[in-house]
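Visitor: I am attaching a structure below and will ask some questions about it afterwards.
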Amino acid sequence: MGSAMATDKTSVLVIAPAFNEAKMIGEVVRGVKRIPEVTDVLVVDDCSTDNTAEVASTNGALVARHPQNMGVGAAIRTGITFARKMGYSVVAIIAGDGQHDPADLPKILRPVLDGECDLCLGSRFLAGGRVVGQNAFRVWGIRLYSLLFSMTSGHWFTDATNGLRAFRASLLEEKGIDLAKEWLNRYELEPYLIYTAARLRLRIKEVPCTVRYHEKERYSHMKPFVDWWRLLKPPILLRLGLRR
């Protein structure tokens with residue numbers, strides 16, 4: 001991993017978890033680096049079999065590489081651990097596959113940087129947001145999931161699966177938030193973080209953003225049923241007291 005030290009009290013690290021995203025990661029990194037609010041971008045390569053790490057580094061990203069595939073949750077955890085170690089004050093997450101437009105980053109960063117909220121999430125369903133290339137079945141599935149997530153967490157979310165988000169790094173010091181749990185290695189970590197923040201009554205905000213699916217065959221790395229359950233696990237198990 002390249003070296004960096006965040007010294008500004010409003011320094012921002014954008015984390016881009018990536019697995020076999022050599023075709024898209026360069027464009028993502030270049031887009032992120034154009035955003036004035038961003039200090040650095042870190043690509044966490046989850047043991048890709050292509051040259052994702054090389055492309056990311058060539059385009060100006062810091063790079064961390066897992067020696068084995070561990071899952072998107074573990075990749076995000078690696079990025080967050082780096083952010084806290086190096087002293088970044090705000091962390092943002094963006095998909096490494098180009099689903100999110102880096103131009104939307106200021107929308108999620110400004111409320112956190114200005115102290116309006118602790119956690120800011122992108123939403124494709126708010127006025128001004130949009131979805132490109134996604135079928136109706138998936139859209140309604142996301143809406144249903146967001147409804148169930150809202151009911152269990154006690155906070156209303158319009159788009160609980162959106163991967164574009166930003167939060168103050170000190171949020172991870174809140175009692176009750178522990179990202180080190182192994183059961184969060186895959187798709188569980190992000191809903192766990194959002195659910196726990198909601199239950200702790202931290203300040204949460206949603207802002208409109210664009211979600212774009214580029215190619216039908218690369219629709220998602222998610223496996224039907226198995227990974228859907230991984231998204232559902234945190235709100236259900238935490239609400240029932242079966243996980244902590």
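Just so you know, all these numbers are worked out from the coordinates, no wet-lab data involved. Being a predicted model, the structure only gives us computed values, none of them experimental. Here the Cβ is made from the backbone with ideal geometry for all residues, glycine too, and neighbour counts use every protein chain on show.
Visitor: Can you figure out the FRET efficiency of residue 110 with residue 68, using R₀ = 45 Å and their beta-carbon distance, to the nearest 0.05?
Guide: Working: r = 37 Å, r/R0 = 0.83.
My answer for the efficiency is 0.75.
Visitor: Between residue 33 and residue 175, 0.36 nm times their residue separation minus their Cα-Cα distance comes to what?
Guide: 47.8 nm
Visitor: Then there is this: Can you tell which of 147, 180, 44 lies farthest toward the positive end of the dipole of segment 12-238, using +1 and -1 charges on the Cβ of basic and acidic side chains (Lys, Arg; Asp, Glu)?
Guide: The residue sitting farthest along the positive end of the dipole is 147.
Visitor: Just checking my list (i) 16.5, 46; (ii) 18.6, 57; (iii) 17.8, 55 against Rg and Dmax of the Cα atoms in Å computed from this structure; which label fits?
Guide: Working out Rg and Dmax of the Cα atoms in Å from the coordinates points to (i).
Visitor: Quick check for me: using +1 on Lys/Arg Cβ and -1 on Asp/Glu Cβ, what's the dipole size of segment 73-157 about its Cα centre, in debye to the nearest 20?
Guide: It comes to approximately 180 debye.
Visitor: Counting alpha carbon pairs within less than 8 Å and at least 6 residues apart, what relative contact order, in whole percent, applies to segment 144-211?
Guide: 34
Visitor: What is the order of 85, 175, fewest Cβ neighbours within 10 Å to most? Walk me through the intermediate numbers first.
Guide: On the way: 85 10, 175 6.
Ascending number of Cβ neighbours within 10 Å: 175, 85.
Visitor: Give the peptides 74-82, 134-142 in descending order of average Cβ contacts within 10 Å, highest first.
Guide: Put in order of decreasing packing, that is 74-82, 134-142.
Visitor: Highest first, please rank the peptides 122-130, 101-109 by the mean number of other Cβ atoms sitting within 10 Å of their residues.
Guide: Those peptides, ordered most packed to least, come out 101-109, 122-130.
Visitor: Okay, moving on. In which sequence would 152, 161 go, from the one with the fewest C-beta neighbours within 10 Å to the one with the most?
Guide: If I rank by nearby Cβ atoms, fewest first, I get 152, 161.
Visitor: Within segment 27-68, name every residue whose backbone N is under 15 Å away from a label modeled 7 Å from Cα of residue 132 along the Cβ vector.
Guide: Counting backbone N atoms under 15 Å from the label point, the list is 27-28, 31-32.
Visitor: Follow-up. Below 8 Å, C-alpha to C-alpha, sequence gap of six or more: please give me the relative contact order for the chain in percent.
Guide: 22
Visitor: If exposed GluC sites (Glu not before Pro) are those in a DSSP loop with at most 12 other Cβ within 10 Å, what is the longest stretch of the chain that has none?
Guide: Longest stretch, sites excluded: 1-115.
Visitor: Run the dipole for segment 12-238 about the Cα centre, Lys and Arg Cβ at +1, Asp and Glu Cβ at -1, nothing else charged, and hand back the magnitude in debye, nearest 20.
Guide: So the magnitude is around 420 debye.
Visitor: Quick one: how many lysine pairs in segment 12-238 have C-alpha atoms under 17 angstrom apart, if they're 8 or more apart or on different chains? Each step should come with its number before you reach the end.
Guide: Working: 23/216; 33/107; 107/205; 181/233; 223/233.
The result is 5.
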